[in-house]
Each structure stands twice: as structure tokens, then as C-alpha cells.
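Following: one structure in C-alpha cells, then a few remarks.
Bear in mind that the values in this text are calculations on the coordinates, not laboratory data. Just so you know, these numbers come straight off a predicted model, no measurement behind them. A quick note on method: Cβ atoms are made from the backbone with ideal geometry, for glycine too, and the neighbour counts reach across all protein chains shown.
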Ligand SMILES: NC(=O)c1ccc[n+]([C@@H]2O[C@H](COP(=O)([O-])OP(=O)(O)OC[C@H]3O[C@@H](n4cnc5c(N)ncnc54)[C@H](O)[C@@H]3O)[C@@H](O)[C@H]2O)c1
Ligand SMILES: O=C(O)C[C@H](O)C(=O)O
């Protein structure tokens with residue numbers, strides 16, 4: 001009992017809305033992590049094992065998941081965790097899944113853009129999503145693998161080709177951009193980060209990441225100099241590169257990403273279980289003239305329930321919004337083209 005209490009308290013510390021989710025632990029929910037032996041996959045597997053909403057946890061990778069599965073399975077929490085290794089075990093990992101989280105693929109090295117990962121990751125994501133379409137067609141998919149601006153359109157088209165696409169169930173994970181914007185804003189203004197919210201819209205690469213500090217909570221003082229807002233915006237847009245450079249060839253964000261993915265997955269599970277959950281995420285959307293766009297989204301029992309509009313933007317944000325559109329449009333089209341041709 002005591003360890004369960006300690007576990008719940010630990011998880012509370014990593015969850016933004018612990019009060020809501022802890023009341024929803026009862027339902028049976030099977031979750032899979034694809035790429036579970038990787039830099040994100042391992043800590044994410046740990047966090048999902050600690051989430052009381054999860055009853056079964058499949059940890060899949062091409063190699064290394066027997067060990068990760070055995071390791072994580074000894075933790076004192078509700079979820080039954082199991083490792084699945086290699087394509088022959090993928091179907092069993094996915095059967096009956098409610099939620100599949102995909103951080104499989106290669107990360108950046110210094111000097112690379114996320115788009116430089118397309119060549120390798122496009123095929124990995126397409127293959128894994130097709131397996132989801134076959135073995136758990138009703139599951140919600142959280143795509144982490146970069147370039148998210150293209151891998152989500154790839155997933156949509158692959159599922160559409162199979163006749164199982166449900167736009168409510170496909171989400172690109174952009175939570176790390178929100179996590180960063182909140183941290184940088186709280187630091188700059190001397191605020192308690194747990195009381196801070198900053199919506200981040202657009203996509204997940206460079207200038208397509210647009211934090212809306214004009215909509216931040218608590219409100220940004222009207223006297224905030226333009227160069228401070230510009231610096232906060234650029235640091236959020238370049239947060240991934242900051243980590244890639246600091247890791248100096250040993251990959252990109254893994255721990256903060258696992259934290260962000262665990263928050264987002266928890267919100268998806270809460271929504272699925274009938275509680276209220278609203279997060280920014282990159283989805284098929286009619287909010288702009290682009291087919292995919294990240295804004296705040298209400299998550300419900302079937303996934304995306306309501307896509308919120310961007311809301312009012314400052315002149316600075318309006319300019320940044322206009323500037324990102326051609327790049328985001330090209331990344332989306334690149335994803336569509338890949339599925340047409342492969
Ligand atoms: N969305 C975001 O905000 C965000 C943040 C950080 C990283 N990422 C992306 O996440 C991805 C993973 O990053 P990482 O640091 O964990 O990389 P990593 O190399 O440490 O781990 C990736 C894992 O994927 C596995 N893998 C490769 N092909 C696979 C397949 N076909 N099936 C199953 N597993 C497969 C590898 O074996 C490896 O264990 C990268 O593309 C990275 O750019 C996205
Ligand atoms: O920057 C990267 O390559 C990884 C990820 O997209 C991030 O934002 O940290």
C-alpha cells in the first residue's frame with residue numbers, strides 16, 4: 001500500500017493534471033512503446049510503467065527489449081510490462097493496444113536538421129504505422145519520430161491507403177516545445193513553472209515552432225521588451241538544437257522528451273477514459289489552410305474531440321506565422337509524396 005502511495009506521489013510530480021488522471025486508473029488500457037530500447041524509449045517505458053492508467057505495457061524494438069522489458073517489469077506498479085524484439089514479435093506487441101507511442105528512428109547529430117532524418121525515419125515510421133493499421137487499427141498513435149512535420153502526414157497517408165485512417169487518432173507529439181516554452185518563460189519572469197502555460201502552435205522544427213507568449217498564463221507584462229520576446233521565441237524554436245549541440249554527437253533530447261511524451265500519453269489516456277484533457281498537438285486540422293497544424297486540442301474518448309483555433313496573435317506572432325507556412329507546407333507535401341511513391 002505504502003509503495004503504491006509513493007508511486008502515485010512520484011507520478012503526481014511528473015504530471016500536470018494528476019488529480020484528474022489518478023481517478024481514472026480503473027480501466028484496462030494496453031499501451032505500446034515502439035523504439036523502447038532507445039534513448040527516449042527507455043525512460044519513456046519507465047514513466048509509462050509508473051502510470052496507473054496503464055494495465056499492459058508492450059515494449060518493442062528491433063533489439064534490446066528483452067532486457068528493458070525484464071528490468072521495467074520488476075517495478076511495483078499495475079502495468080504488466082513485457083519486451084518484444086524484432087519484426088516477428090511486433091504483431092503480438094500491438095494486438096489489443098489502445099495507445100501506441102512511436103519514438104523509433106535515428107536522432108540528429110550537430111549540424112543536421114530534423115529533415116535530414118527523413119531518409120531513414122520515413123520508412124521506419126511508415127512500416128510501424130502500417131503494422132498498427134493491421135494489428136490495432138483502433139489505437140491512438142502518438143508520433144515522436146522526426147521529422148514530425150512529415151512523419152505524421154506519412155502515417156496519415158499510410159493508414160488512408162489501408163482504409164483504416166481515423167484523423168481523431170493520429171497525433172504528432174509537440175509537447176516538448178510547450179515544456180520548453182514554459183520553462184524559459186517561467187525562468188525569465190521568475191514564476192513558478194507549475195503555474196505557467198504557454199501554447200505552442202505550428203509544427204515541430206525551427207521556425208515552424210511558434211510559442212504564443214502573448215497568450216501565456218500568467219499574462220506577460222505589457223512592458224516586456226520586444227527583444228526579450230524574440231529571445232524567448234528563438235530559444236524555444238532552437239531548444240532541440242541546444243540539446244543536440246550539448247550532447248555533441250551523442251543524440252538529441254531523450255529525458256525531457258520522455259517526460260513530455262509521458263505527459264502527452266497520460267492526457268490521451270485521461271481523454272480516452274472520459275476525463276478532460278487539453279494539449280497542444282500536431283494533427284490533421286482545418287484551423288489554417290495547411291492540412292496539418294498544431295494547436296490546443298481537446299482529447300476525448302475517441303482521441304481528438306475539438307481542435308481549438310490559434311486565437312489572437314501579436315503582430316510579431318502573426319509575422320512568424322506567415323513565415324513558417326511555406327516550410328510546413330513543403331514538409332507535409334514531402335510526407336504525402338513519400339507514401340505515394342513507396
Ligand atoms: N517529437 C519530439 O519532440 C522529439 C524529441 C526528441 C527526439 N525525437 C525523435 O525521436 C526519435 C528517437 O530518438 P532517440 O534519441 O530515442 O533515438 P535512439 O537512437 O536512442 O533510439 C531509437 C530507437 O529506435 C529503434 N528503432 C529503429 N528502427 C526501428 C524499427 N523499425 N522498429 C522499432 N524500433 C526501431 C532503435 O533500435 C533505437 O532503439 C528520433 O527521430 C528523434 O529525432 C523527437
Ligand atoms: O531536436 C531534435 O532533433 C530532437 C527533438 O525534435 C527536439 O526538439 O529535441
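A residue that is within 13 Å of ligand 1 (Cβ to nearest atom) and either within 27 Å of residue 156 (Cα to Cα) or part of a helix (DSSP H, G or I) (or both) occurs nowhere in the range 210-219.
Reported count of residues in the range 238-278, each being assigned to a helix (DSSP H, G or I) and closer than 21 Å to residue 142 by Cα, is 20. Would you please name the residue that is nearest to the chain's Cα centre (by Cα), looking only at residues in the range 312-342 that are part of a loop (DSSP other than H, G, I, E, B) and surrounded by 13 or more Cβ atoms within 10 Å (Cβ to Cβ)? Ranking the candidates gives 313 first.
What is the residue count in the range 31-81 for residues that are part of a loop (DSSP other than H, G, I, E, B) and either over 21 Å from residue 130 (Cα atoms) or more than 15 Å from the chain's Cα centre (by Cα) (or both)?
Here the count works out to 18.
Please enumerate the residues belonging to the range 109-145 that are buried (at least 21 other Cβ atoms within 10 Å of the Cβ) and outside any helix (DSSP H, G or I). Of everything in the range 109-145, those that are buried (at least 21 other Cβ atoms within 10 Å of the Cβ) and outside any helix (DSSP H, G or I) turn out to be 136, 139, 140, 141, 142, 143, 144, 145. Here residue 88 meets each of (1) without any contact (Cβ under 8 Å) to a residue 60 or more places away in the chain; (2) out of contact with any strand residue (DSSP E or B) (no Cβ under 9 Å at 6 or more places or on another chain); (3) near ligand 1 (Cβ under 10 Å from one of its atoms) with one exception, condition (3). State which residue is nearest to the chain's Cα centre (by Cα) when the search covers only the range 146-157 and only residues that are outside any loop (DSSP other than H, G, I, E, B) and within 14 Å of ligand 1 (Cβ to nearest atom). Among them, the one singled out is 148. I'm checking my understanding of the structure. Among residues of the range 158-167 that are outside any loop (DSSP other than H, G, I, E, B) and touching a residue at least 60 places away in the same chain (Cβ under 8 Å), which one is surrounded by the fewest Cβ atoms within 10 Å (Cβ to Cβ)? The selected residue is 161.
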